[in-house]
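*Asks:* Quick one: structure below, then a few questions.
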Amino acid sequence: MIKNMAHCYSGLKGVGQMYDKGIVFELLEKVAIVLTQDQQFVKVKKKEGLEVGQTIFFLPEDVVKPTPKVIPFYKKTAPTLALIAACLLIFIIPFGKPVTPYATLSVDVNPSFELELDEAMAIRKVNALNKSAQALNVQALEGLPLQEGLEQLKQILIENNISLESNAMLFSLALSNQDDLDYENQVKESLKQANQTEEFAYLKITEEELELAHQQSVSGAKLKVKELLQDIDVDDISVNEIIQLFKDNKLHFDLLFKDGIELDDDLEDTLEDLFENDDDDDDDDHDNNYNDNQSVTPGLNSNSDDDDDYNHDDNHDDDDEDLDEDDDGDDD
C-alpha cells in the first residue's frame, strides 16, 4: 500500500527522503485536504484514485503553496466536521466494547432470561441464562417496550408447553441509577399489567449483586434468594417453592402479586392466620355443640324420671285419701 501511495505522489525520488502521512478528509476541485499525523490540515495536489478516508504518503513538494498551515476547525464545513467527529470516535472508542444498559431485568420461570433495558424502558437485548432458555427463540423481543415484550415472552412459554398457571414468575431489577425510583415504579407497573392472572414476586438488586450473579451463571433474583436463604440450592427448586420458603422464613419480597392483586406479605400472613383461626373456631364450636347435646340429654332423662316419681307420689296421696273416707264411713 505504501508503494502504491508513493507512486501517486511525485517526489519519492531517493532513499532517505522524508515523507508525511495523513488521511484524506475532503476532495476539492484541484487539491485534497489532508489531516497529518501532527493534527494539522494541509492542502496537497489532487491525484487520481484518491478517496475520502484514505491514508496517503506525500512529500513536502506535494503540498500546495503557501507553506502548510493549520486550518481552523470553525472554518470547516459541517459535513467535514461530522466526518472528523466520526473518525475521532473510531480512533478513541475500542471496537466491540459493550455499552452498559440502563437497567437489567431477570426473569425466572425455568427457563431463565435476562432483559437489558434502555432508559426508555425498551428491551435492547435478551440473554438466555440456562439451557432451557437457550432452546427458545426470544430474539424477536428485542426492540419492544417492556410490557409488550413480557406479554410476548409469556406467549412463547405457553407455545412451548410451559404452564404459567402452575409456575409462578420471579423478577429482579438492577438499575445503573439506584435512586431512579420513577423508573423502578414504571417497571413494576409493567410487570403488573403484563401478568394480570399470574403470580409473581419481585426483588430489587444492586449492580454489584448482578455482576456476582453473572460470575456464578445465575439470575440476579436467584442470587438474592441464595443470600437470604442460606444453604439452599436455588437451581433445584421451583419459583413456587422459593416463594413458599420466603413465607416460611418470614422474609419479604419487594413486590408480591397474585390474581391481579398486589399482596402485602404481613397482610397475607395475617389473612392466613385468620383463616386458620376460623377453622379452629369452627372445630371448637362443633365440639361445644356436641358436649352441650351430651349434657342436655341426661338432664332430660332425669327430669322425666322426676316427673314419674312426682306422679307416683300424687297417686299414692289420692289412695290415702280414699282410705280415710272409707274409714269414716265405717265409723258411721
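Read-outs throughout are calculated quantities, based only on the coordinates presented, and are distinct from any laboratory measurement. Since the model is a prediction, treat every value here as computed from it, not as a measurement. Ideal geometry is used to build each Cβ from the backbone, glycine not excepted, and the neighbour counts take in all protein chains shown.
*Asks:* Quick check on the exposure proxy: order Asp259, Asp62, Asp108 from fewest to most C-beta atoms within 10 angstrom.
*Replies:* Sorted ascending by nearby Cβ count, the order is Asp259, Asp62, Asp108.
*Asks:* Under a Cβ-Cβ cut-off of 10 Å, what is the net charge of the residues other than Leu173 that fall near it, where Lys and Arg count +1 and Asp and Glu count -1? Before the final figure, lay out the partial values.
*Replies:* Values: positive: Lys188, Lys204; negative: Glu184, Asp254.
Summing Lys/Arg as +1 and Asp/Glu as -1 gives 0.
*Asks:* Additional query: Quick check: net charge around Lys45, other residues with Cβ under 10 Å of its Cβ, Lys/Arg +1 and Asp/Glu -1? Show your work: numbers first, answer last.
*Replies:* Details: positive: Lys30, Lys43, Lys46, Lys47; negative: Glu61, Asp62.
After counting each charged neighbour, the total is +2.
*Asks:* Please arrange Thr55, Thr36 by counting, for each residue, the other beta carbons lying within 10 Å of its beta carbon, fewest first. Kindly include the intermediate steps, with their values, before the conclusion.
*Replies:* On the way: Thr55 12, Thr36 17.
Listing Thr55, Thr36 from fewest to most nearby Cβ atoms yields Thr55, Thr36.
*Asks:* Below 13 angstrom from the Cβ of Ile158, what's the summed charge of the other residues (Lys, Arg +1; Asp, Glu -1)? Don't jump to the answer; show the numbers that get you there.
*Replies:* On the way: positive: Lys154; negative: Glu151, Glu159, Glu165, Glu198.
Local charge sum for Ile158: -3.
*Asks:* May I pose another question? Rounded to whole Å, give me the distance from the Cα center of region 209-269 to that of region 128-154.
*Replies:* First find each Cα centre; the distance between them is then 21 Å.
*Asks:* Give the shape of region 103-263 as rounded, prolate or oblate, defined through the alpha-carbon gyration tensor: a ≥ b ≥ c are the square roots of its eigenvalues, a/c under 1.5 means rounded, and otherwise the shape is prolate if a/b is larger than b/c and oblate if not.
*Replies:* Working: a/c = 1.22, a/b = 1.12, b/c = 1.09.
Judged from the Cα gyration tensor, region 103-263 comes out rounded (a/c under 1.5).
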